[in-house]
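Chemist: Have a look at this one before I ask anything.
Nothing in this text is a laboratory measurement; each read-out follows from the coordinates by a stated rule. Just so we're clear, the structure is a prediction, and the values are computed from it rather than from any experiment. Heads up, the Cβs are rebuilt from the backbone with ideal geometry, glycines too, and the neighbour counts pull from every protein chain shown.
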Amino acid sequence: MEWQGWFSLALTVGALCVLTFTRVGPHLVMMAVLTILSAFGILSGSEALSGFSNAGLITVAAMFVVAAGIHNSGGIDLLVNKVLGQPTTVRSALSRIFAPVIVLSGFLNNTPVVATMIPAIHAWSRKIQIPTSKLMIPLSYTAILGGTLTLIGTSTNLVVNGQYQTLTGEAGFSLFSITAVGLPVAIAGLAFIWIFLPIWLPDRSDSRAFSNLKEFTLEVTVDPIGPLVGKTVELAGLRQLERVYLVEIERQGTIVTAVSSEEILHGGDRLVFAGDIQAISDLLRVNGIIASPENGNSDTLYKERAERRLVEAVVSPHCTALGQNIRDAKFRDRYGAVVLAVARNGERVKGNLGTIRLEAGDTLLLEARPAFVTRQRYNKDFLVINDLDTETPRHERAWLSWTILIGVVAAAGLGFISMLNGALIGAGLMIVSGCCSVSQAEKSLDLTVIITIAASFALGAALDKTGVAEFIATNIIDLSNNTPWLMLILTYVVVSLLTETITNNAAAVLMLPIVLEMTEKSGLNNEPFVFAIMMAASASFATPIGYQTNLMVYGPGGYRFSDFLKVGIPMNIFIAVATLTVLLVGWPLAKG
């Protein structure tokens, strides 16, 4: 190799060390690598930036928007209510999670699937009184397995396919090419999760209902034309709520206290709840519950609910509404926000919401437009503004969002349109149909993930262009003594180890040119080796940093690093054995 090759190899090792031993973001590391390769002339400008126009990358970005449409239309809530139900044991709960999550992850990028399912599973776990720590790691692992079922299930598959097309000039793989590997491995993996994880995962539940939480008083109204009218409190799902309870019902001037589970709900009933912020956020996602205007009148603020979100604000000593009750202060007209709930000194304030007199230090839960947060940065009415980034779902579009997703996936699967065009059309339809707003679509785009993927292509291109790939391939061939099955095992092991320490996309992009060079030199069929890269890069279970969905459930599940090691290392070994067995049995390694 010439100096460019050794430089690229040293840069690769340096990048791996930075990603492994520091907290520098992978997108920053990969962009730094891209800059160095371009500045030193190892790659031309077009070569360095080619990843940003890769079809796989654009497909990933579009699928983030499709997932946002499913979430913001209430499609995920529809799934929870219709499918998840009321299991009584951890294993029965896992059985309910498996089917929807693995199917969703097969056709949506599994990262946004987990992002949308975390709050749903969190609320559901409280409802069924099963510790969240028993469900969050299985949620991530199930999504990872589901992502291996199709080419669009994970960004890694799309990125590998895009780079494969670039490096070989071939057409690439179809939507279901990897299913023959992913399906049997996923079935085996789900069985492993169901048998062992309920035993190995910790129980970190908190039995104290309102421990260290602000307890709010919240008033909501039963939508007169919503699905809850005529249902009992029990059937409406308002009795089993955790960390929030129904205090009373106000109906046509009368108060119903000590509300019975058999109490029939009427349109326009004002329901008074007490609970914490997270529980109230869950409550406001219930189809048929709407914000209750504190003066009993409705206006365009209630009718035009697009882009409304929850905001937590603390009343300042300089607030102009201080000392007035919420109704007389005309809070909605004055601030362009609706008071949903009030907490004082960490406890709920008793009485009708509209009659509560505001005091300095009161914590308000508001429903407001994004402009409210911007305005209050320059005013003195509130000391603290915390945008909870929670918007009311558009439940009437839930079925429409699922129709769009199914239609796009079916069209791509049957070959009528490409995966790129299908994802772009699906994203556009989600926005045009109102399943998600433009701002929600923009927020759904995880720029750190997108930049990491795009910049990773530069390092892969450099390894290929400078001869590093050929050098490493030759050494792997020598190490394996040119034995095809040993080469396949080494390929899987190397990618798996890289994935646990750096990002899965970076590991796959680094290894693909090496593996293609290796199979070409040995006269082997490259397909099982490419599938081994896809599977190994996805099968990251042992650490929270190896796969983004693991990192996403780390906090909500209350886990420690050791929890992942305890369940993830055996899972890694099991999935490796299952994958390699399927590949060795099902694919000829030598070219026919």
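Chemist: In which sequence would PHE564, PHE173, PHE64 go, from the one with the fewest C-beta neighbours within 10 Å to the one with the most? Don't jump to the answer; show the numbers that get you there.
Modeler: Values: PHE564 26, PHE173 18, PHE64 23.
With the sparsest Cβ surroundings first, the list reads PHE173, PHE64, PHE564.
Chemist: Once the Cα atoms of helix 155-168 and of the chain are each reduced to a long axis, what angle between those two axes, in degrees from 0 to 90 to the nearest 10, is obtained?
Modeler: The helix 155-168 is inclined about 30 degrees to the chain.
Chemist: Using only alpha carbon pairs under 8 Å that are at least six residues apart, calculate the relative contact order of region 1-148 and give it in whole percent.
Modeler: Answer for region 1-148 is 20 percent.
Chemist: Taking a 19 Å limit on the Cα-Cα distance, which of the listed pairs LYS82/LYS231; LYS521/LYS591; LYS134/LYS566; LYS127/LYS566; LYS380/LYS443 fall beyond it?
Modeler: Working: LYS82/LYS231 17 Å; LYS521/LYS591 12 Å; LYS134/LYS566 14 Å; LYS127/LYS566 28 Å; LYS380/LYS443 28 Å.
LYS127/LYS566; LYS380/LYS443, as the Cα separations exceed 19 Å there.
Chemist: Between TRP399 and LEU565, 0.36 nm times their residue separation minus their Cα-Cα distance comes to what?
Modeler: 55.8 nm
Chemist: Given axes a ≥ b ≥ c from the Cα gyration tensor, I'd like to know whether region 23-96 is rounded (a/c under 1.5), prolate (a/b larger than b/c) or oblate.
Modeler: Here region 23-96 falls in the prolate category.
Chemist: Once you keep just the Cα pairs under 8 angstrom separated by 6 or more residues, what percentage relative contact order results for the chain? Write down the numbers at each step before the final one.
Modeler: Details: 1062 pairs, mean separation 126.1, N = 592.
Dividing the mean separation by the residue count of the chain yields 21 percent.
Chemist: What shape does region 226-267 take by its C-alpha gyration tensor, where a ≥ b ≥ c are the square roots of the eigenvalues and a/c under 1.5 counts as rounded, a/b above b/c as prolate, and the rest as oblate?
Modeler: It comes out oblate by the Cα gyration axes.
Chemist: On C-alpha positions alone, give me the angle between the axis of helix 3-21 and the longest principal axis of the chain, in degrees, nearest 10.
Modeler: Between helix and principal axis, roughly 30 degrees.
Chemist: Report the label-to-label distance for GLU248 and TRP587 in nanometres (one decimal), using points 7 Å from each Cα along the Cα→Cβ vector.
Modeler: For GLU248 paired with TRP587, the spin-label model returns 6.8 nm.
Chemist: To continue, here is another question. What distance in nm separates the two pseudo spin-label positions at HIS318 and PHE176, each 7 Å out from Cα along the beta-carbon direction?
Modeler: According to this spin-label approximation, the distance is 6.5 nm.
Chemist: Right, next: Taking square-rooted eigenvalues a ≥ b ≥ c of the alpha carbon gyration tensor, is region 435-572 rounded, prolate or oblate, where a/c under 1.5 means rounded and, failing that, a/b exceeding b/c means prolate?
Modeler: Values: a/c = 2.69, a/b = 1.51, b/c = 1.78.
Cα axes put region 435-572 in the oblate bin.
Chemist: I've got another one for you. Using 0.36 nm times the number of residues separating PHE471 and LYS521, minus their current alpha carbon distance, what extension gain do you get?
Modeler: Full extension of this stretch gives 16.9 nm more.
Chemist: To continue, here is another question. Quick one: helix 468-479 against the long Cα principal axis of the chain, what's the angle to the nearest 10°, folded into 0 to 90?
Modeler: So the helix axis and the longest Cα principal axis differ by about 70 degrees.
Chemist: Between ALA32 and LEU445, take the C-beta separation as r, use R0 = 22 Å, and let me know the FRET efficiency to the nearest 0.05.
Modeler: Numbers: r = 22 Å, r/R0 = 1.00.
Computed FRET efficiency for ALA32 and LEU445 comes out at 0.50.
Chemist: I've got another one for you. In nm, to one decimal, how far is the modelled label at LEU414 from the one at VAL83, with both set 7 Å along Cα→Cβ?
Modeler: Distance between label points: 2.2 nm.
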